Amino acid sequence: MSAENWLAFCLFALVSSITPGPNNTMMLASGVNFGWIRSLRHMVGITSGFCFMVLLMGLGLGQLFLQLPWLYTVLRYLGGAYMLFLAWKILHSGAPAAQAGGTAGVGARPMGFFAAAAFQWVNPKAWVMALGAVTTYLPADHSVWQLLLLTLVMGLINLPSTGSWAVFGSAMRRYLREPRFLRVFNTVAALALVASLIPLFKA
């Protein structure tokens, strides 16, 4: 890959990682409801799961989706259904003090590392990003080292980009201490998560 290609890839990684989507909406909500520190496992899980996906795409999984596009259609609907469930959990989140006896899920405690990593496999935007990164920026005859380097660069850009949403959410906590304001925020966040599905299902 030339220097120009790497620069274009870095721009792609930044724009796709930092713009609104299911992961960033959930990180914003997690930052507001639980704070930045308690959202760290969620944040690292997102980047780790996504980088593992990029790696598998580069090793041949992406070709499977290109040859069998109906698999991606199935994925979109499964992922969409799961994100609607997560939106429902965010919508019914309460103040952290009221969540001690709540049920497990986004509304009761921060998403953990493995749950966040696994979520990437039902996140349509993550599949689009991973497939786009490999098919657009890696040469067809790429080496394993090129793939590893591309995955590393993607991770280094994705982690702070996604984390910035949790930091912003954490900064908003002081303004959302009153339960009614927190309920308004969680309602908006849940609707934003649902809205993030619209462009994906138009494709």
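The values are calculated or read from the model by the stated rules, or taken from the named source; none is laboratory data. Only a predicted model underlies this, so the values are computations on that prediction, with no experimental measurement involved. No Cβ is skipped: glycine too gets one built from the backbone with ideal geometry, and neighbour counts run over all protein chains shown.
Summary table
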item	result
Criterion (among the hydrophobic types (A, V, I, L, M, F, W, C), modelled with pLDDT of 85 or more and part of a helix (DSSP H, G or I)) met by exactly one of A117, A81	A117
Which numbered condition P160 misses (of (1) under 14 Å from the mean Cα position of the chain (by Cα); (2) surrounded by 15 or more Cβ atoms within 10 Å (Cβ to Cβ))	(2)
Residue check, S48 crowded, with 16+ Cβ neighbours inside 10 Å and touching a Pro at 6+ places or on another chain (Cβ under 7 Å)	no
From the options G45, G31, residue that is over 29 Å from T136 (Cα atoms), at pLDDT 90 or above and either of a type in the set (D, E, K, R) or in a helix (DSSP H, G or I) (or both)	G31
Top-ranked residue of the range 32-51 - restricted to ones that are over 11 Å from the mean Cα position of the chain (by Cα) and β-branched (V, I, T), ranked as farthest from G163 (Cα to Cα)	V32
Index of the failed condition, A29 passing every other in (1) more than 21 Å from L156 (Cβ to Cβ); (2) more than 18 Å from the chain's Cα centre (by Cα); (3) among the hydrophobic types (A, V, I, L, M, F, W, C)	(2)
Any hit, the range 188-195, residues being assigned to a helix (DSSP H, G or I), farther than 14 Å from M26 by Cβ, β-branched (V, I, T) and in contact (Cβ under 8 Å) with a residue 12 or more places away in the chain	no
Selected residue [surrounded by 23 or more Cβ atoms within 10 Å (Cβ to Cβ), assigned to a loop (DSSP other than H, G, I, E, B) and modelled with pLDDT of 85 or more] from M111, M129	M111
S17 being at pLDDT 90 or above, surrounded by 15 or more Cβ atoms within 10 Å (Cβ to Cβ) and touching a Gly at 6+ places or on another chain (Cβ under 8 Å)	no
Hey, S39 closer than 30 Å to R177 by Cβ and at pLDDT 80 or above or not	yes
For S93: the one exception among (1) surrounded by 23 or more Cβ atoms within 10 Å (Cβ to Cβ); (2) within 30 Å of R180 (Cβ to Cβ); (3) at pLDDT 85 or above	(3)
Whichever residue in the range 138-187 is outside any helix (DSSP H, G or I) and within 30 Å of G58 (Cβ to Cβ) and, among such residues, is modelled with the lowest pLDDT	A140
